[in-house]
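J.: Please read through the structure below; I'll follow up with questions.
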Amino acid sequence: MAHERGGAARHPPLRRHQPPRRTRCLASVAISAPWIFLFAPDMISPLLCSSNVILLVLTGIFQQYWVHQVRKVRLQGYYVFSQKLKHIARLPFATIASRTALMLLIMVCQPLVHILSVSLLLRIAIVVEVTCAGCFMGLYIWHIHRYNSLDGQPDILRSLYSALQPSNTFEDQRYYDARLSEQQMALLQYQRENIHYLSEEVLRLQECLSKYQRTDAGTTPQVDLAHLLASRDQELRALTAEMNQVHSELQLARGLIDEKDSEIQHIRVSNNQDNFELWAQLWMLQQLWLRRYFALLIYLKLIIEVAENTLGGKKVTVVFVLGGPGSGKGTQCANIVEHFGFTHLSAGDLLRAEIKSGSENGTMIENMIKEGKIVPSEVTIKLLQEAMIKKENDKFLIDGFPRNEENRAAFENVTKISPAFVLFFDCSEEEMERRLLGRNQGRVDDNIETIKKRFKTFVESSLPVIEYYNSKDKVKKIDAAKPIPEVFEDVKTIFAPYAPKVVFHI
Ligand SMILES: Nc1ncnc2c1ncn2[C@@H]1O[C@H](COP(=O)(O)OP(=O)(O)OP(=O)(O)O)[C@@H](O)[C@H]1O
Ligand SMILES: O=c1ccn([C@@H]2O[C@H](COP(=O)(O)O)[C@@H](O)[C@H]2O)c(=O)[nH]1
């Protein structure tokens with residue numbers, strides 16, 4: 001952006017303006033009138049007055065032209081500069097107008113004027129007038145010259161916003177009260193369009209959100225999970241495509257502006273104002289696209305925020321509890337549930353329940369567990385999603401999952417949920433083996449043969465997952481070899497931010 005604007009600033013469109021030759025002629029005639037008309041002294045005063053009136057008319061016309069030029073400077077975005085020029089452009093006309101009035105007054109009051117001759121007074125008036133008008137014209141020309149060598153940035157945005165912000169200074173207050181320039185109006189119009197566009201996007205977003213809302217007060221959301229996730233994915237894809245399109249259109253606009261920039265360089269030589277108008281239009285177009293682009297980025301961020309860590313219309317907090325078999329995950333999860341109000345979802349327990357339910361996957365799952373192998377991701381993820389949706393809670397401990405990289409990636413892709421952190425129970429194999437053999441819960445995999453296989457799977461497949469989250473700074477490691485209460489003391493420190501808030505009842 002700065003580049004384009006800078007480009008424009010390097011090639012200002014105005015050329016240096018000289019006072020018209022006619023004005024100078026009239027001024028010289030006016031000054032030399034008393035000598036030219038020596039043969040007819042009575043003609044001097046009326047002639048001086050009438051030539052001054054002509055000069056006044058011409059300055060008026062000339063002022064119109066200057067004001068038009070000042071407007072162009074303002075349209076280019078140099079608001080502060082144009083404000084300065086605006087006052088200077090009016091000074092020559094004001095000077096000549098006041099002197100003409102003075103001259104007419106002298107003429108009218110002729111019989112009362114005794115100190116100096118009328119002709120002398122008129123000449124003094126006209127010399128003062130021409131000197132002042134000349135000075136002001138010079139000042140204007142000097143400013144134009146300064147403008148042409150100006151290398152600053154247009155201050156249009158400042159001017160736009162300053163007009164909308166009340167100020168204490170008198171100058172700013174006047175500006176605040178003054179009518180907005182056309183350029184400001186145009187920019188405001190664009191802002192309005194963008195606001196309109198954004199509100200449409202917000203409506204769309206609200207519509208998307210409403211799909212995630214629960215439709216009754218019951219515990220089961222009415223939205224079909226698969227449909228919900230699929231539509232959310234589709235929305236994300238559509239939005240990304242739209243953003244890419246806008247981005248390419250933005251590039252196109254930028255390309256055009258660059259092209260026009262070089263044409264504007266030509267304008268400086270040829271003084272072709274039409275191309276400047278084109279540049280101004282392109283600049284505005286680019287502004288529009290930029291605003292739209294950023295609006296879309298914000299929208300995309302919102303969508304991603306909505307999509308992430310959301311399930312059945314609620315934002316969820318998920319903690320993965322990982323560690324070797326027998327490291328004490330289940331034992332500590334029970335404590336966390338009691339103290340911190342989490343819902344405990346053990347992937348192993350869900351799989352065992354699935355076997356018991358007599359599902360078609362039952363035999364496959366049972367065989368995998370006996371072999372200490374990892375059940376396919378889609379089976380486990382489906383069970384976890386269903387369990388999460390069924391529960392009212394929004395804080396979940398997912399125990400013993402993900403067990404490998406594939407589990408992890410599939411879960412994040414399908415659910416768009418990433419864990420707040422990973423609680424890792426670190427324990428030696430000897431200690432874990434001792435605990436598992438002493439667990440005595442009748443589990444088919446708590447035998448030395450399967451235990452060895454489970455250890456192998458843990459080292460080969462599950463440890464890389466922990467390493468992955470560690471690289472993301474998400475792992476909170478616990479020394480699980482300590483006695484149960486001591487381990488829980490460490491766990492409590494980690495979960496302190498999740499402690500339920502104390503409510504005071506009066
Ligand atoms: N810190 C501890 N010290 C001693 N024994 C413990 C400790 N933590 C748990 N145990 C015991 O070890 C056995 C295994 O514990 P637990 O079921 O919690 O482990 P786990 O990590 O969930 O195992 P798995 O992954 O096989 O489900 C249990 O009998 C439990 O009482
Ligand atoms: O995500 C998972 C979780 C578990 N399994 C299988 O179940 C057993 C027992 O799991 P525990 O967590 O020890 O209760 C495990 O050895 C795996 O075979 C799984 O495949 N995927």
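J.: Could you check the range 469-506 and list, in sequence order, the residues that are among the hydroxyl-bearing types (Ser, Thr, Tyr) and at pLDDT below 95?
T.: If the condition is that a residue be among the hydroxyl-bearing types (Ser, Thr, Tyr) and at pLDDT below 95, then Tyr498 is the only one that fits.
J.: Which one is nearest to ligand 2 (Cβ to nearest atom) among residues in the range 330-354 that are surrounded by fewer than 17 Cβ atoms within 10 Å (Cβ to Cβ) and of a type in the set (A, V, I, L, M)?
T.: Ala353
J.: Here are some residues: Phe458, Phe488. Which one is in the same structural domain as Ile398 (by the TED database), under 20 Å from Glu366 (Cβ atoms) and buried (at least 16 other Cβ atoms within 10 Å of the Cβ)?
T.: Result of the check over Phe458, Phe488: Phe458.
J.: Of the residues that make up the range 385-402, is at least one free of Cβ contacts under 8 Å to residues at least 40 places away in the same chain and within 14 Å of ligand 2 (Cβ to nearest atom)?
T.: Within the range 385-402 (the criterion being free of Cβ contacts under 8 Å to residues at least 40 places away in the same chain and within 14 Å of ligand 2 (Cβ to nearest atom)), the answer is no, since none of the residues qualifies.
J.: For the range 410-455, which positions are more than 13 Å from ligand 1 (Cβ to nearest atom), farther than 22 Å from Ile466 by Cα and among the aliphatic types (A, V, I, L, M)?
T.: Matches in the range 410-455: Ile448 only.
J.: Could I ask something else about it? Looking only at residues in the range 407-433 that are free of Cβ contacts under 8 Å to residues at least 40 places away in the same chain and exposed (fewer than 14 other Cβ atoms within 10 Å of the Cβ), which one is nearest to ligand 2 (Cβ to nearest atom)?
T.: In this case the residue turns out to be Asn413.
The values are calculated or read from the model by the stated rules, or taken from the named source; none is laboratory data. What you see is a predicted model, and the numbers here were worked out from it, not measured in a lab. FYI the Cβ positions are ideal-geometry reconstructions off the backbone, even for glycines, and counts take in every protein chain you see.
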